[in-house]
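Peer 1: The structure under discussion is supplied below as structure tokens; questions concerning it will follow.
Any read-out appearing in this document is the output of simple, stated calculations on the displayed coordinates, not a laboratory observation. This is a predicted model, so every value here is computed, not measured. Neighbour counts run over all protein chains shown; Cβ positions are idealised from the backbone, glycine included.
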């Protein structure tokens, strides 16, 4: 038994044969080459990683390190992307799914084969698209009826209170407009998708987006309908600034958000 | 931010986009190398606090958009703040439990884990 290396698994796909080429140019989380381990009609994409970096103690420490997490998550995603470009369906595994050797990985493919094949069948030929809606900075939003006029000078306490009340009303109206815009956009895109998932809004520290994230959603779309979906997003995005929001599209992703059935 | 659409195929995804998928989604399957259940919950909570400005996990998406469309932004913000506080409390609990259970020789003395 080799104790200095472990096997990091990225994704599972049908054993259709041609993945070798797609994987030739991509490297994994430890810069290692990635290969297909085949069993029971399935192929797990995996690469050898040093035990010193990926055993229990090392993982426990590393998972706490946001820098390590970012590098590893991006590398994991790169491998999944490369595979998704070559196979009709790829089931991404969660980060840090690690086996002692090929036998362990094969055992998993055998034990979980039925479940994995069912998921592959359900998601075959589908992609995930991510759509986020952000509030635009106030200046970028089109002016309301009175927004262009400079504020009247404050002459009295009553003026002040009146202005505060007006500001509160404006803010509330803006919030409602933004909420409404996000709901409408989500409802429209949902009609073009087979399934949807809503994520919590993102933390600006990680997204580096100045606006408030008011919609963070994933859409499951048949591959051939991808252009129809992205065209719709583009049209909605063109209209969005009028409601004070901007739209961001990511994808196509492997169907990460849809490998487990919708929560009840 | 004047560009209405930022198509971001592949590389354009931000860190939060990637982490919320690679860490929180995908097939969860037991590897031979097991990160203890406690550690996974701990990590997930920490990441939710970092990755998402708020955590309502699964029910949040549904409540937010479908169940209660009348819920105002402000009420939502308050509710999410409360949820965040609950997560922080659970995190502290888990960290205490972790400190009790973790064999001391596993920890490199003086090493910062964040």
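Peer 1: May I ask you to compute the full-extension gain from residue A:159 to residue A:224, defined as 0.36 nm times their residue separation minus their alpha-carbon distance, rounded to one decimal in nm? Walk me through the numbers on the way to the answer.
Peer 2: Details: separation 65, 0.36 × 65 = 23.40 nm, distance 5.93 nm.
Full-extension gain reported as 17.5 nm.
Peer 1: Using a Gaussian network model on chain A with a 10 Å cutoff between Cα atoms, which of A:117, A:164, A:197 fluctuates the most?
Peer 2: A:164
Peer 1: In nm, give the distance between the simple-model label positions of residue A:57 and residue A:3, each being 7 Å from the Cα along the Cα-to-Cβ direction.
Peer 2: 1.2 nm
Peer 1: Taking Cα atoms, how many degrees apart are the long axis of helix A:102-111 and the longest axis of chain A, rounded to 10 and kept between 0 and 90?
Peer 2: 70 degrees
Peer 1: Sticking with this structure for a sec: Using alpha carbons only, how many degrees (0 to 90, rounded to 10) separate the axis of helix A:157-190 from the longest principal axis of chain A?
Peer 2: Once rounded, one gets 40 degrees.
Peer 1: To the nearest 0.05, what FRET efficiency results for residue A:170 and residue A:231 with a Förster distance of 35 Å applied to their C-beta separation?
Peer 2: Numbers: r = 34 Å, r/R0 = 0.97.
Efficiency, rounded to the nearest 0.05: 0.55.
Peer 1: Still on this structure, I have one more. Based on the Cβ-Cβ distance from residue A:66 to residue B:30, what FRET efficiency comes out when R0 is 22 Å, to the nearest 0.05? If you can, show how the numbers build up before the last one.
Peer 2: Numbers: r = 25 Å, r/R0 = 1.15.
That gives a FRET efficiency of 0.30.
Peer 1: Determine the gain in length on full extension of the stretch residue A:115-residue A:180; use 0.36 nm per residue of separation and subtract their C-alpha separation, reporting nm with one decimal.
Peer 2: So the extension gain works out to 19.5 nm.
Peer 1: A follow-up question, please. Pick out which of A:153, A:252, A:200 has the largest mean-square fluctuation in a Gaussian network model of chain A, springs linking Cα atoms closer than 10 Å.
Peer 2: Answer for the Gaussian network model of chain A: A:153.
Peer 1: On full extension of the chain, what length is gained from residue A:191 through residue A:124, given 0.36 nm per residue of separation minus the C-alpha to C-alpha distance?
Peer 2: Numbers: separation 67, 0.36 × 67 = 24.12 nm, distance 1.96 nm.
Between residue A:191 and residue A:124, full extension yields 22.2 nm more.
Peer 1: Springs between alpha-carbon pairs under 10 angstrom, Gaussian network model over chain A: which of A:35, A:74, A:155 fluctuates most?
Peer 2: Between A:35, A:74, A:155, it is A:155 that shows the largest mean-square fluctuation.
Peer 1: Follow-up. Going by how many other beta carbons lie within 10 Å of each one, how would you line up A:253, A:68, A:129, fewest first?
Peer 2: Details: A:253 25, A:68 16, A:129 21.
Going from sparsest to densest Cβ surroundings: A:68, A:129, A:253.
Peer 1: Please determine, in degrees from 0 to 90 and to the nearest 10, the orientation of helix A:226-239 with respect to the longest principal axis defined by the Cα atoms of chain A, where the helix direction is its Cα long axis.
Peer 2: 20 degrees
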